[in-house]
Every structure is written in structure tokens, then in C-alpha cells.
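The next block holds one structure in the form of C-alpha cells; read it before the comments.
Values in this text are rule-based calculations from the coordinates and carry no lab data. As the structure is a prediction and not an experimental result, all values here were calculated from the model. Backbone-built Cβ (ideal geometry, glycine too); neighbour counts: all protein chains shown.
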Amino acid sequence: MAEVLTEDELTVWLPDFLTELTAESPALKPIEVLDPTDGYQSHLYGLGLSVAASLMRSAPKLLAATEHSGNHEVADHAWGLLTTVDHLMAPGLEAAVSDEYMASHWVATFAWETVNEALCARKR
């Protein structure tokens, strides 16, 4: 949506869209992979990494909305969402460097995107 809405539209839409999402939301908890040799389950590593990268892309936009609107609750919300990133990333990063081929041969691309997003977020 950040690509199709104007900055003013995004300032209104994004906080409203994310109001139900909190650091305690099940969607922001890593999903346990019971069998990393299972090709289907190993995709959950990539899901956690993708969610973490999405949060790191969305949080600065939420913070910008705060500056625009003066609504400091939105900033608190953004920082709260960011507290989940490390926990979401950990299983996928571990899988990316494991000896288990089923996950490590492809999850490294998701890990790369997420780590790159983290580095870019630090520069912002």
C-alpha cells in the first residue's frame, strides 16, 4: 500500500490498518517447525523472516505518520511491533546456516532480505 497511496493517505490508512496488530499478536510469534527436514514445514522459517522484514519496512512509515499527525500512540505502537523482530528472525537465521538442506538451500535468500532490511533500518 505504501507504493500506491500518497503519503497523506498512508498516514491515515496504515495506523488504522495495524491497530489490531500488537507485539503479543499470534501473527508476530515464530511458528515452531517440528521437522526441519519436511519441505513444507521449513517454509515457516521464510514466513517468520518475511514478517520481520515487513515490520522493519512498515515501522518507519508508522513513525513518519506520527510526525505528520502528532499521534504519539502510533509511535509507541511502531516501537512495540519492532520488539518482535529479533524473535521472529532467530529461527530462520539459524535454519539458513544449518546443515539441513531442505531449509538452508533456500531460506538464506529470505535471511539475506531480512538482514539487509535491518541494516537499512539502522541507517534511517
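So the values come out like this:
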read-out	value
Qualifying residues in region 44-64 (those that are of a type in the set (Ser, Thr, Tyr) and in contact (Cβ under 8 Å) with a residue 60 or more places away in the chain) - the one surrounded by the most Cβ atoms within 10 Å (Cβ to Cβ)	Tyr45
Yes/no for Leu5 being more than 24 Å from Met89 (Cα to Cα), touching a Phe, Trp or Tyr at 6+ places or on another chain (Cβ under 9 Å) and surrounded by fewer than 19 Cβ atoms within 10 Å (Cβ to Cβ)	yes
Test: residue in region 26-38 that is surrounded by 14 or more Cβ atoms within 10 Å (Cβ to Cβ), over 19 Å from Cys120 (Cα atoms), touching a helix residue (DSSP H, G or I) at 6+ places or on another chain (Cβ under 8 Å) and free of Cβ contacts under 8 Å to residues at least 60 places away in the same chain	yes
Some residue of region 9-16 being over 13 Å from the mean Cα position of the chain (by Cα), of a type in the set (Asp, Glu) and not in a helix (DSSP H, G or I)	no
Odd one out for Ala121, checked against (1) exposed (fewer than 15 other Cβ atoms within 10 Å of the Cβ); (2) assigned to a helix (DSSP H, G or I)	(1)
Count of region 65-108 residues which are free of Cβ contacts under 8 Å to residues at least 40 places away in the same chain, in a helix (DSSP H, G or I) and not aliphatic (A, V, I, L, M)	11
